[in-house]
Amino acid sequence: MSEEGYRQRENGIFTRAIHGGFEPQDEFTWPIMPSIVVSAVFEQETPGRDREFRYSRIRNPTRTVLEKSLAEIENAKYALCFSSGLGAATTIISVLSSGDHIIAGEELYGGTYRLFKEIFPRMGMQTTFVDTRDPKNIENAMTEKTKLVWIETPTNPILRITDIKSVSEVVHKQEGVLLVVDNTFQTPYFQRPLELGADISMYSLTKYMNGHNDCIMGSISTNQESIYEKLHFLQHALGIIPSPHDCHQLYRSLKTLPLRMEQHMKNGLALAKYLEKQPQVEKVIYAGLTSHPQHDLVKKQCYGTSGMLSFYIKGDFNETKKFIKALKIIKYTGSLGGAGTTVVVPSYMSHVMLSNEEKIKLGITDNLIRVSVGLESIDDIIADFDQAFKYLLNSK
Ligand SMILES: Cc1ncc(COP(=O)(O)O)c(C=O)c1O
């Protein structure tokens with residue numbers, strides 16, 4: 001157990017993040033970083049006899065380095081990269097067929113929800129949305145047609161937690177059902193779904209894994225060869241692949257993932273504690289706070305928690321807007337997991353596609369602000385929030 005009561009973080013992940021995935025092969029110059037291989041095609045030995053690389057949609061050396069590195073960080077056997085997080089989701093769902101049934105968490109990133117709600121039904125796949133905090137809800141929703149269960153934990157933006165191990169036990173009572181966990185918010189540094197029984201962990205690499213807001217990518221990790229083979233086939237059959245340049249950028253970013261996540265967690269907790277004391281704040285939701293209703297579960301299944309928090313400001317959308325406009329160094333933007341602190345009003349951005357009833361049911365109101373706490377000096381982050389709260393008070 002770590003000092004804060006989470007699962008004990010291992011030091012080895014720092015080393016794997018830096019050295020994983022790459023063995024220098026050029027015995028002339030011995031580079032210690034992989035080259036960006038831009039070649040779309042590779043010369044073959046003879047007709048009918050391929051070398052390791054043939055065509056970059058199928059396999060590309062720079063992508064392979066990144067995939068190996070991602071697998072090593074997570075202690076997984078295999079990883080695959082895609083051109084976005086939603087591209088990874090689309091590829092996973094493409095293992096299913098018309099008539100198959102999906103169960104998904106009722107609170108998901110808005111874009112993932114839209115895929116399940118609007119796009120996959122056109123291909124004959126229906127999804128039942130349930131509150132996955134209680135594994136019984138999943139059990140009750142299972143039918144003989146169920147082929148896949150999709151969860152996010154913590155959820156975006158209300159940060160509800162699902163017990164991955166308990167859900168895995170329920171899901172795997174029925175043969176052939178896949179459990180997929182979107183692990184974007186936690187990264188493999190703080191949560192490893194495969195260790196807890198999930199079949200696939202999935203990422204929007206765009207977020208913490210890249211960490212610098214300058215690249216869109218997604219990935220999956222798995223320990224099962226048959227799943228890897230199916231998804232590798234679909235990766236090139238569907239063609240949802242990232243560029244070698246983006247793969248290199250991602251590979252470089254992963255080297256500092258553990259360091260960055262430590263600082264996101266430290267700053268996240270400090271800001272959450274500060275916000276809890278503010279009279280202009282109605283409620284703070286942060287998985288690392290003891291006031292989070294599932295904090296004990298977070299400690300049991302996670303190695304720590306990232307810098308994602310949400311809070312309800314006292315007031316309506318006008319107050320929310322004024323507060324956000326008053327922020328100086330903190331940016332208002334839809335993404336998360338970058339070096340700089342960002343805020344978003346989910347009801348107007350990441351979750352704008354939900355109906356009013358859906359938003360109200362989940363607690364995604366106009367005074368809810370989601371914060372991705374960055375890596376700046378915590379004093380500067382708090383000072384920016386402080387002056388914005390003061391501005392709000394004085395503008396009444
Ligand atoms: C939790 C989560 N999953 C998936 C995605 C989709 O990823 P991408 O934007 O890389 O397609 C997002 C994007 O915000 C997200 O927050």
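Taking Cα centre as origin and charging only the Cβ of basic (Lys, Arg, +1) and acidic (Asp, Glu, -1) residues, the dipole magnitude of segment 12-254 rounds to 320 debye. Packing, taken as the mean count of other beta carbons within 10 Å per residue, orders the peptides 346-358, 309-321, 192-204 from highest to lowest as 192-204, 309-321, 346-358. Volume per residue of the convex hull around the Cα atoms, evaluated for segment 289-367, comes out as 126 Å³. Among bridges DSSP assigns within the chain, what percent are antiparallel (round to 5)? Rounded to the nearest five, the antiparallel share is 55 percent. In this calculation the C-beta distance from E52 to K396 is compared with R0 = 56 Å, giving a FRET efficiency of 0.25.
3J(HN,Hα) along segment 82-93, derived from phi through the Karplus expression 6.51 cos²θ - 1.76 cosθ + 1.60 where θ = phi - 60°, amounts to 9, 6, 6, x, 5, x, 5, 4, 4, 5, 4, 5 Hz, with x in place of Gly and Pro. Descending by average beta-carbon neighbour count within 10 Å, the peptides 325-334, 285-294 line up as 285-294, 325-334, the highest first. At the listed q of 0.19, 0.20, 0.28, 0.31 Å⁻¹, the Debye profile of segment 36-83, built from one uniform point per Cα, gives log10 I(q)/I(0) equal to -0.66, -0.71, -1.00, -1.10.
Which of the lysines could a cross-linker span from K173 if the Cα-Cα distance has to be under 25 Å and same-chain partners fewer than 8 positions apart are dropped? Straight-distance partners of K173: K77, K136, K145, K147, K165, K230, K300. Within segment 258-394, all pairs of alpha-carbon atoms sorted by distance into 10 Å bins from zero give the percentages 12, 43, 36, 8, 0.
Take segment 12-254 with all the other protein chains still there, run a 1.4 Å probe, and you get 42 Å² of accessible area per residue. With all pairs of different C-alpha atoms in the average, the Kirkwood value for the hydrodynamic radius of segment 238-329 is 16.0 Å. Leaving out ligands, DNA and RNA, and with a 1.4 Å probe, what % of the accessible surface on segment 12-254 is carbon or sulfur? Answer for segment 12-254 is 51 percent, counting heavy atoms of protein chains only. Cα extents for segment 1-86 along the principal axes, largest to smallest and rounded to whole angstrom: 59, 37, 20.
Global size of the chain: 21.4, 77 Å for Rg and Dmax (C-alpha atoms, Rg to one decimal, Dmax whole).
The values are calculated or read from the model by the stated rules, or taken from the named source; none is laboratory data. Note that the coordinates shown come from a computational prediction; the quantities given were computed from them, not determined experimentally. Here the Cβ is made from the backbone with ideal geometry for all residues, glycine too, and neighbour counts use every protein chain on show. To get the accessible areas, we keep the full protein, side chains included, count just its heavy atoms, and leave off ligands, DNA and RNA. Shrake-Rupley method; radii C 1.70, N 1.55, O 1.52, S 1.80 Å.
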